[in-house]
Amino acid sequence: MNQFYTAESVTEGHPDKLCDIIADSVLDECLAHDALSRVACEVLATKGQVIVAGEITSLFEPDIPSIVHSVFRKAGYDPARFSVQCLLHRQSPDIAAGVDCSLERRRNPSEDQPALQLGAGDQGVMVGYACSETPQRMPLPVVLAHRLTSALAAARKTGMVRGLRPDGKAQVTVEYGEDGKPLRLDTVVLSAQHSPNKPMDELCWELTDKVLAPALQALPPDEDTKILLNPSGRFVLGGPEADTGLTGRKLMVDSYGVFAPHGGGAFSGKDPTKVDRSGAYMARYIAKNLVAAGLCEKCQVTLAYAIGKAVPVMVEVDTFGTGMVCADDCLAEAARFVFGLTPAEIIAQLDLLTPRYAQTAAYGHFGKPEFPWERTDQAKSCGRLSFNQKGAALCPE
């Protein structure tokens with residue numbers, strides 16, 4: 001029986017994404033001047049008003065209003081129309097103490113392993129996913145949805161489609177065959193903010209020709225594909241003026257859509273001691289490398305941490321029956337051999353103190369080759385793992 005899977009994406013001018021970009025821009029500015037900054041930044045944007053709140057402990061004091069206005073300007077809005085309110089304070093000393101000295105080191109003061117230096121900045125569950133159906137090792141509907149919104153933003157910025165405004169959303173439904181592989185494009189939804197003088201028939205024609213056609217080359221529409229362009233009709237009022245934006249409200253857009261569960265912790269605005277971000281990046285890194293190694297066609301990696309503890313309390317792998325070498329619990333044990341899973345190891349292995357986070361905030365945190373967690377440099381190590389007769393992983397040969 002065929003199945004249908006849907007994914008969505010939003011442009012950088014969407015109010016929730018504006019908040020994510022602002023939060024990550026604040027983080028980048030802090031890390032650029034103090035790599036040991038602790039940041040947990042939340043943003044709310046509504047008509048004429050932006051509120052930036054949270055905890056920042058850093059040797060550098062970021063110019064929050066300047067950062068907010070820069071993000072709005074780059075996204076295509078007039079920053080002069082927004083006032084900025086800052087409600088910031090330092091990180092809790094109790095949390096800082098648990099991060100600076102892990103539970104393992106507090107229990108054994110003679111323990112001097114660098115890997116055990118940092119405790120997790122919070123408890124939580126993080127999920128990573130990868131599959132073999134696209135070169136990015138991401139689900140095809142997710143890839144297509146992000147391509148649509150990226151193409152929409154590019155059409156506005158280059159003037160290829162005149163009369164576009166910054167806000168926009170896309171949604172893609174793909175029909176999968178009984179073999180679990182993408183079969184056809186079932187439905188495409190694209191909503192684009194536009195000027196009041198833009199004729200709707202002209203807008204729809206230009207969106208079809210200059211946005212949909214190039215973005216959907218991997219799986220073009222057929223005669224039965226349903227194309228819904230601005231299905232609500234006019235979309236003149238957009239951004240924070242029409243909808244209040246909030247950091248972390250597009251978790252499934254940020255990750256894998258319906259293809260994998262989400263642990264619940266948002267990514268944007270958080271420094272890498274917060275494992276709900278760094279742990280999610282490591283889980284993706286593991287899953288992608290296991291798929292790249294040919295050990296499975298689909299892979300979901302789940303990590304769980306306790307606040308203040310360095311070593312994860314759970315490592316789980318699910319290959320959805322596509323594992324080719326051993327059982328899933330065996331691959332979970334193998335992941336412990338190949339990948340460092342403490343916060344200190346994750347930060348070092350994935351270069352997470354480099355200020356690049358504003359680039360992650362829009363069009364998905366995964367599937368972009370420029371990010372270290374998208375590398376497949378550990379695939380050979382995974383592929384060289386040997387297994388004993390009970391299926392337990394042994395060190396690489």
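The values are calculated or read from the model by the stated rules, or taken from the named source; none is laboratory data. Owing to the predicted nature of the structure, the values given are computational and were not obtained by experimental measurement. Ideal geometry is used to build each Cβ from the backbone, glycine not excepted, and the neighbour counts take in all protein chains shown. Surface areas here come from the heavy atoms of the whole protein model, side chains and all, with no ligands, DNA or RNA. Shrake-Rupley method; radii C 1.70, N 1.55, O 1.52, S 1.80 Å.
Checking understanding here: applying a Kyte-Doolittle mean of at least 1.0 and a length along the axis of at least 30 Å (C-alpha), which whole DSSP H helices in the chain pass?
Membrane-span-like by this criterion, though nothing is claimed about a membrane: none.
Shape of the chain from its Cα gyration tensor (a ≥ b ≥ c, root eigenvalues): rounded if a/c is under 1.5, otherwise prolate when a/b > b/c, or oblate?
oblate
Based on the Cβ-Cβ distance of ARG336 and LYS368, what FRET efficiency does E = 1/(1 + (r/R0)^6) give at R0 = 30 Å, to the nearest 0.05?
The formula returns an efficiency of 0.65 here.
Would you mind counting up the charge near VAL71? Only other residues with Cβ under 14 Å from its Cβ, with Lys and Arg at +1 and Asp and Glu at -1.
Here the count lands on -4.
Straight-line reach from LYS181: which aspartates and glutamates fall under 12 Å, measuring Cα to Cα and dropping same-chain residues less than 8 apart?
GLU133, GLU297
Kindly identify the range 18-107 as rounded, prolate or oblate by the Cα gyration tensor criterion: order the square roots of the eigenvalues as a ≥ b ≥ c, call it rounded if a/c is under 1.5, otherwise compare a/b with b/c, prolate if a/b is larger, else oblate.
Prolate, because a/c is 1.5 or more and a/b exceeds b/c.
Run the simple label-point estimate for ASP94 and THR322 please: 7 Å along Cα→C-beta, distance reported in nm.
Rounded to a tenth, the inter-label distance reads 4.3 nm.
Take the alpha carbon atoms of the range 212-285, find their center, do the same for the range 34-112, and report the distance between the two centers in whole angstrom.
Spelled out, the Cα-based centre of one part sits 23 Å from the other.
Show that you can apply the helix-only estimate: for the chain, add -39,500 (n - 2.57) for every DSSP H stretch of four or more residues, divide by all residues, and state [θ] at 222 nm to the nearest 500.
For the chain, the value works out to -8500 deg cm²/dmol.
Taking every pair of alpha-carbon atoms in the range 267-369, what share in percent sits in each 10 Å bin, from 0 to the bin with the longest distance?
15, 46, 32, 7
What is the magnitude of the charge dipole of the chain about its Cα centre, with +1 placed on the Cβ of each Lys and Arg, -1 on the Cβ of each Asp and Glu, and no other charges, expressed in debye to the nearest 20?
Value, rounded to 20: 440 debye.
May I ask you to derive the FRET efficiency for ARG73 and PHE4 from their Cβ-Cβ distance with R0 = 41 Å, giving the value to the nearest 0.05?
Efficiency, from the Cβ-Cβ distance: 0.55.
Which value, in Å², gives the accessible area per residue of the chain when a 1.4 Å probe is used on the protein heavy atoms?
Accessible area per residue: 42 Å².
Let me know the shape class of the range 199-329, please: from the alpha-carbon gyration tensor, a ≥ b ≥ c as square roots of the eigenvalues, rounded when a/c is under 1.5, otherwise prolate if a/b is greater than b/c, or oblate.
The shape class here is oblate.
I need the calculated FRET efficiency for the pair ASP224 and SER110, taking r as the beta carbon distance and R₀ as 51 Å, to the nearest 0.05.
Working from the Cβ atoms, E equals 0.15.
In a shell of Cβ-Cβ distance under 13 Å around GLY124, excluding GLY124 itself, what net charge do Lys and Arg (+1) and Asp and Glu (-1) give?
Within the 13 Å Cβ shell, the charges total +2.
Which percent of Cα pairs goes in each bin when the distances of the range 146-189 are cut into 5 angstrom slices starting at zero?
All Cα pairs, binned at 5 Å, distribute as 5, 21, 20, 16, 13, 10, 8, 5, 1 percent.
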